[in-house]
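Written below as structure tokens is the structure these notes are about.
The values are calculated or read from the model by the stated rules, or taken from the named source; none is laboratory data. Just so you know, these numbers come straight off a predicted model, no measurement behind them. Using ideal geometry, Cβ is built from the backbone for each residue, glycine included, and neighbour counts are taken over all protein chains shown.
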Amino acid sequence: MLRRAISIFENAPGLHDPRLSQSLINLGELYRLQKLYPEAEKLYRRALAIRENTLGADHPDVARCLNNLAAVRHAQGDLAQAESYFQRALKIKEKSLGSEHPDIVAILNDLATLSYEQKRLVEAESLYLRAKSIGEKVLGRAHPQIATIFVGLGSVYCDSGGFTESERCLRAALDIQEGALGPEHPDVARSLKYYAILLRKMGRKLEAKDMDARAESILAKPKNRAAAHSVTIDGLIFEKKKGKANK
């Protein structure tokens, strides 16, 4: 269906029809979900070129295309290029939406995650704290996005040896998630996994075992099995944070 729509728009007068760029993005999203990243990237690049030509390089819809490209570059292990795309998207969003907007929070969180994955812990902490400060203003302190930021901060502090502060952040994340999403949500399981890692580093192995058991119990529920494969203890979950690619 999407391929047919693309063919129709390509053969219609004007190859820069906005509907063509959206169809390219939608098909790219399907490829991304199937982990066909090079194919998805090719479609995202075509959509980006169309939007830059028709809307201008600083349009918010261009930033959305950049977010999509950042996601697929990250999935392919190209953290530097993903970071570059997010930084450009951030500049566009700040120019068009202002410095305090939910979209800014999301991009700052993604940039913080990239810094964390590259072991730039001081930079990651700064970005997470900036995202948290803005997010609490525009989303509220009990929003799930704030919990995601707390998980990121908890991971940064855990890796840098700040175990007490890490536990505070992970506890805050769980409190928000359980209140906003319910105690059996996959995000709760993910935070429990991180909490278990911290507890083991602190020598609290029995507590860690209990955390892991609770996480596995949540993920074993039929409604959560599709999400279980994305829970890892090797690093922060990037695509999970973003959800579906931006349209």
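Counted as qualifying within the stretch 1-101 are the helices (runs of 4 or more DSSP H) with 2 or more residues that are modelled with pLDDT of 95 or more and buried (at least 20 other Cβ atoms within 10 Å of the Cβ), namely 37-55, 60-75, 79-97. When the stretch 118-133 is filtered for residues that are more than 14 Å from LEU153 (Cβ to Cβ) and under 17 Å from the mean Cα position of the chain (by Cα), only GLN118 remains. With respect to being in the same structural domain as LYS201 (by TED's automatic domain parsing) and farther than 24 Å from LEU121 by Cβ, LEU181 fits the description.
ASP103 satisfies every condition listed in (1) over 16 Å from the mean Cα position of the chain (by Cα); (2) among the charged types (D, E, K, R); (3) closer than 27 Å to SER166 by Cα except (1).
Of all residues in the stretch 170-183, those that are crowded, with 16+ Cβ neighbours inside 10 Å have Cβ atoms under 8 Å from Cβ atoms of residues that are among the β-branched types (Val, Ile, Thr), 6 or more apart or on another chain, in LEU170/VAL151; ALA173/THR148; ALA173/VAL151; LEU174/VAL188; ILE176/ILE146; GLN177/VAL188; GLU178/VAL188. Scanning the stretch 186-204 for residues that are acidic (Asp, Glu) and in a loop (DSSP other than H, G, I, E, B) turns up nothing.
Has the stretch 211-220 got at least one residue that is crowded, with 21+ Cβ neighbours inside 10 Å, under 28 Å from SER99 (Cβ atoms) and among the small types (Gly, Ala, Ser)? The answer is no; no qualifying residue exists. If you check ALA226, ALA147 for being modelled with pLDDT under 95 and assigned to a helix (DSSP H, G or I), only one passes: ALA226.
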